[in-house]
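Report on the structure given below.
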Amino acid sequence: MPFSCYFVINVLTFKTQIIRFPDNIYVKITMKKYTNQLLHQFFIFVILLAVNGCAQLPAKNNTSSPYKELNSINKFPDKLCDLNKGKITNYEEKTPGGGFSVKYSNPCCVVDIYIFDAQIDHIPNNINDGIVVNMFKNTMFYTIDFYSKDEYENLTYSNGRLIEIDNCEMWFMEMEYTTKDIEKRYSVLGMTVFEGKYFKFRITTLKDELNNHKARVNCIIRAIVDEVLN
């Protein structure tokens with residue numbers, strides 16, 4: 001069956017049955033704690049990359065990068081739409097393969113961008129390659145599990161699907177949830193390949209009734225594509 005319709009969980013064993021995702025709808029989730037421990041060191045870095053939409057920007061920047069041979073670190077502009085660039089974090093020193101992240105924020109929106117290789121020498125420049133698809137699927141599962149915790153409510157999410165913006169293909173999913181402070185939030189996860197590395201972004205913003213949050217997120221995604229990836 002198509003990737004957007006059916007996922008086989010081959011890393012985690014849940015107490016519930018295999019999860020099926022109907023096409024083109026949001027679905028409520030009721031996920032139970034998984035019973036197996038992670039089976040491979042490959043996934044340690046994913047935990048480090050879990051993004052909390054409520055995170056605040058630290059004051060000090062760390063501009064060191066494990067990928068100095070790439071142009072990546074220099075391609076990030078000072079602003080994305082109306083968001084200011086914040087902290088650059090190097091995960092590589094503590095978790096080889098974890099890469100680095102760049103954070104952008106304003107009072108109602110947070111963007112985290114990650115470039116990493118998971119200790120794979122070269123990530124195929126093919127969004128449909130199994131290596132890329134599996135990484136996106138596992139990232140989706142970790143993200144869904146994170147926002148299934150007690151401090152978040154009313155979690156809904158869309159299928160993972162391919163989108164294309166300005167000739168850039170990426171895997172993409174949407175989520176909505178409510179925080180313990182009764183704030184409604186809209187969040188998206190995207191992943192593509194950039195300079196032989198995984199390129200992942202997470203955008204979280206306040207939700208409003210006029211759907212301005214979706215226009216805001218679309219603006220940010222287009223800025224990421226036009227100013228960083230192209």
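Below, the figures for the structure above:
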read-out: Candidate set from region 207-230 (those that are surrounded by fewer than 17 Cβ atoms within 10 Å (Cβ to Cβ) and in contact (Cβ under 8 Å) with a residue 60 or more places away in the chain); member that is farthest from VAL111 (Cα to Cα); value: ASN230
read-out: Output for region 100-134, where each listed residue is of a type in the set (Gly, Ala, Ser) and surrounded by 17 or more Cβ atoms within 10 Å (Cβ to Cβ); value: SER101, SER105, ALA118
read-out: Wholly within region 71-170, strands (runs of 3 or more DSSP E) carrying at least 1 residues that are at positive phi; value: 152-157
read-out: Residue list for region 193-209, filter: assigned to a strand (DSSP E or B), in contact with a helix residue (DSSP H, G or I) (Cβ under 7 Å, 6 or more places away or on another chain) and over 16 Å from LEU80 (Cβ atoms); value: VAL193, TYR198, LEU206
read-out: From ASP129, ASP150, ASP181, ASP121, residue being modelled with pLDDT of 95 or more and either more than 13 Å from the chain's Cα centre (by Cα) or aromatic (Phe, Trp, Tyr) (or both); value: ASP129
read-out: Test set (1) modelled with pLDDT of 95 or more; (2) in a helix (DSSP H, G or I); (3) closer than 24 Å to LEU80 by Cα - LEU189 fails condition number; value: (2)
read-out: Positions within region 102-124 being under 23 Å from TRP171 (Cβ atoms) and in contact with a helix residue (DSSP H, G or I) (Cβ under 9 Å, 6 or more places away or on another chain), in sequence order; value: VAL102, TYR104, CYS109, VAL111, ILE113, ILE115, PHE116, ALA118, GLN119, ILE120, ILE123, PRO124
read-out: Some residue of region 138-148 being in contact (Cβ under 8 Å) with a residue 12 or more places away in the chain and touching a Gly at 6+ places or on another chain (Cβ under 7 Å); value: yes
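The values are calculated or read from the model by the stated rules, or taken from the named source; none is laboratory data. Treat the numbers as computed from the prediction; the structure is a model and nothing was measured. Note that each Cβ is placed from the backbone with ideal geometry, even for glycine, and that neighbours are counted across all protein chains shown.
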